[in-house]
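The values are calculated or read from the model by the stated rules, or taken from the named source; none is laboratory data. Here the structure is a predicted model, which means the values were calculated and not measured. Virtual Cβ from ideal backbone geometry, glycine too; neighbours counted across all protein chains shown. SASA here: full protein model, heavy atoms, side chains in, ligands and nucleic acids out. Shrake-Rupley method; radii C 1.70, N 1.55, O 1.52, S 1.80 Å.
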Amino acid sequence: MTLKASERRRARSATGRAVAINGATLVAHAMRQIHPDVVACYPITPQTIITETFSEFVANGLVQTEFVAVESEHAAMSVCIGSAAAGARTQTATSGPGLALMWELLWVASGSRLPIVMHLCTRALSAPLNILCDHSDVMGARDTGWPILFSEDGQEAYDNAIQAVRVAEHPDVLLPVISTQDGFTITHGIERAEILDDASVRSFVGEYSPHRPLLDVEHPTTYGAWDYHDFYFEHKRQQADAMEKALGVIEAVGQEFGKLSGRSYGLVQPYRLDDAEFAVVVLGSAAGTLRSVVDDLRSRGVKAGMLRVRVLRPFPTKAVAEALAGVKVAAVLDRALAFGAPGGPLFEDVCVALTTNGVGPRLVNYVYGLGGRDTLPAQFLQAFEDIRRIAKGASAQPVVRYLGLRES
Amino acid sequence: MSQDWRKVAPGGTVTEPGSAVTVETGTWRSSRPVVDYDHCVHCMICWVFCPDDCFQTENGKLVGVDYFHCKGCGICAVECPKKCISMQEDVLA
């Protein structure tokens, strides 16, 4: 296919060098470079950029993917399941209510062991209506059997999107993977990022060799068969095993990607934690703000640190416990509410990680940034001040607290 | 069938065509159809209606019931025009 000069320029301008670009467009480029056989998605704020940009790549012949413009996210995930079972490398992208509408099918994808990759631009759930960022959507998918990666910025969203393919398709894993970026903060925020050249990405993800594809007529296979009390339990136990194995695979793929790109992230990212007495634990883009807060406190002699959890599922229990073992008091930040639960989703995971590994900084939980509420350094400084007071004997009650909330 | 969760087919896929015949569905049954051959006229209505193809025939005659697959749904007993199929309680061995 002959490309127009402007199209050639566009493709060239986004390969093999640093560009100023937002996270969603970066992921659309990652998808173009991965070159999936099938992409089925429905545009929804703040993910729309991905659907728009990728479908433009398809329309302009920059990628030969079969793009399915579906009528809903329920249909998108259904198409992905059929396509992945047929043996096609398959991807989708969504946000907030779109992910909620997929929920039933998330279980079908993971239960059928189909290595679909989903690019999730996190968004609050209605009501009241809100299109901005929080993690309520992804927390609803937390236990659906998909490994879940969080990114701190657009660069990492791009890097994770590429690694997700290798994690999902690894023979020990064979699970669908969610790769997230925070809605608007990352999806729409323009930052410097490096895009690998197309050939490197293509060779990193490699040729796809599907497991028991429906289109392999020499080896007929049935997907979605009846699985009653007799064997359902055994299949679920196998999924749990695949999820446990995903942890090592995510680490190994991350190291290999590091060799290619110079960027490697690990399961968790400790920041100035080695001798820290006070720490915060966080997911996603707020980690950027927290680095500056930690630096500020360090310059004033406070032994502050941060732990960013990159992999929410499978939860890196051991890595989290090791990273926090020497800390006196830690604040776990949740960008989602778990109504009626003892604490937020990340808080509960961190509690279990510490308890079961026999280490224990005192913990409090902060809910922050719901529905796109700005996450400012002053809020996080307040959390650090609180936990320093707790270390000196102040009460750790209430356990669940709120940052940046109108409260007199 | 394997007795260990590690050995089952990932995703519950079925990789052997026509293997439903080897799956024992008779374990679900609470009552079993018993045919009174003295009054059976071999009209094969039971054979037509059985959702699991459990009625065994030979030379156009009904000769038996496949209890390995019969789930005990009772459709045969309802549909039999001669009322010669009765559902009898299945007692666990």
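Scanning the stretch A:228-258 for residues that are more than 9 Å from chain B (Cβ to nearest Cβ) and among the aliphatic types (A, V, I, L, M), we see that the one that is farthest from A:Leu196 (Cα to Cα) is A:Ala240. In the stretch A:326-344, the count of residues that are in contact with a helix residue (DSSP H, G or I) (Cβ under 7 Å, 6 or more places away or on another chain), at pLDDT 95 or above and part of a helix (DSSP H, G or I) is zero. The sole residue among A:Gly305, A:Gly301, A:Gly254 that is open to solvent by less than 30 Å² (accessible area, probe 1.4 Å) and closer than 16 Å to A:Leu381 by Cβ is A:Gly305. Taken as a whole, the condition of being among the polar types (S, T, N, Q) and either assigned to a helix (DSSP H, G or I) or surrounded by fewer than 24 Cβ atoms within 10 Å (Cβ to Cβ) (or both) applies to A:Gln163.
All of A:Glu152, A:Glu104 fail the test of being at negative phi, out of contact with any helix residue (DSSP H, G or I) (no Cβ under 7 Å at 6 or more places or on another chain), modelled with pLDDT of 95 or more and not in a strand (DSSP E or B), apart from A:Glu104. Among residues of the stretch A:389-405 that are open to solvent by 40 Å² or more (accessible area, probe 1.4 Å), those with a beta-carbon under 6 Å from a residue that is part of a loop (DSSP other than H, G, I, E, B) and not small (Gly, Ala, Ser) at least six positions away or on a different chain give the pairs A:Ala391/A:Lys328. Over 25 Å from the mean Cα position of the chain (by Cα), hydroxyl-bearing (Ser, Thr, Tyr) and more than 28 Å from A:Ala164 (Cβ to Cβ), is that true of A:Ser299? It is true that A:Ser299 is over 25 Å from the mean Cα position of the chain (by Cα), hydroxyl-bearing (Ser, Thr, Tyr) and more than 28 Å from A:Ala164 (Cβ to Cβ). In the stretch A:33-48, what residues are in contact with a His (Cβ under 8 Å, 6 or more places away or on another chain) and under 21 Å from A:Gln163 (Cβ atoms)? A:Gln47 - this is the single residue of the stretch A:33-48 that is in contact with a His (Cβ under 8 Å, 6 or more places away or on another chain) and under 21 Å from A:Gln163 (Cβ atoms). Between A:Leu381, A:Leu312, the distinction of being buried (at least 18 other Cβ atoms within 10 Å of the Cβ), modelled with pLDDT of 95 or more and either assigned to a helix (DSSP H, G or I) or of a type outside the set (Phe, Trp, Tyr) (or both) belongs to A:Leu312 only. Filtered by the rule that a residue be closer than 14 Å to A:Val177 by Cβ and in contact with a Leu (Cβ under 8 Å, 6 or more places away or on another chain), the stretch A:70-93 gives A:Met77, A:Cys80, A:Ala84, A:Thr90, A:Ala93.
Take the conditions (1) more than 23 Å from A:Leu307 (Cβ to Cβ); (2) in contact with a Gly (Cβ under 9 Å, 6 or more places away or on another chain); A:Asp134 misses just one of them, which is (1).
Scanning the stretch A:216-241 for residues that are in contact (Cβ under 8 Å) with a residue 60 or more places away in the chain, part of a loop (DSSP other than H, G, I, E, B) and under 31 Å from the mean Cα position of the chain (by Cα) returns A:Tyr223, A:Gly224.
Against the numbered list (1) within 14 Å of another protein chain (Cβ to nearest Cβ); (2) buried (at least 22 other Cβ atoms within 10 Å of the Cβ), A:His170 comes up short only at (2). The requirement of being buried (at least 16 other Cβ atoms within 10 Å of the Cβ), at negative phi and either of a type in the set (S, T, N, Q) or touching a Leu at 6+ places or on another chain (Cβ under 8 Å) (or both) is not satisfied by A:Ala287.
When you look at B:Ser86, is it under 21 Å from A:Ala225 (Cβ atoms) and not hydrophobic (A, V, I, L, M, F, W, C), yes or no?
When the stated conditions are applied, B:Ser86 does not pass them.
In a residue-by-residue description of the stretch A:173-192, the property of being within 14 Å of chain B (Cβ to nearest Cβ), open to solvent by 10 Å² or more (accessible area, probe 1.4 Å), in contact with a Gly (Cβ under 8 Å, 6 or more places away or on another chain) and more than 17 Å from A:Met31 (Cα to Cα) applies to at least one position. Do we find a residue being at pLDDT below 95 and over 22 Å from A:Phe150 (Cα atoms) anywhere in the stretch A:170-193? Checking the stretch A:170-193: not a single residue is at pLDDT below 95 and over 22 Å from A:Phe150 (Cα atoms).
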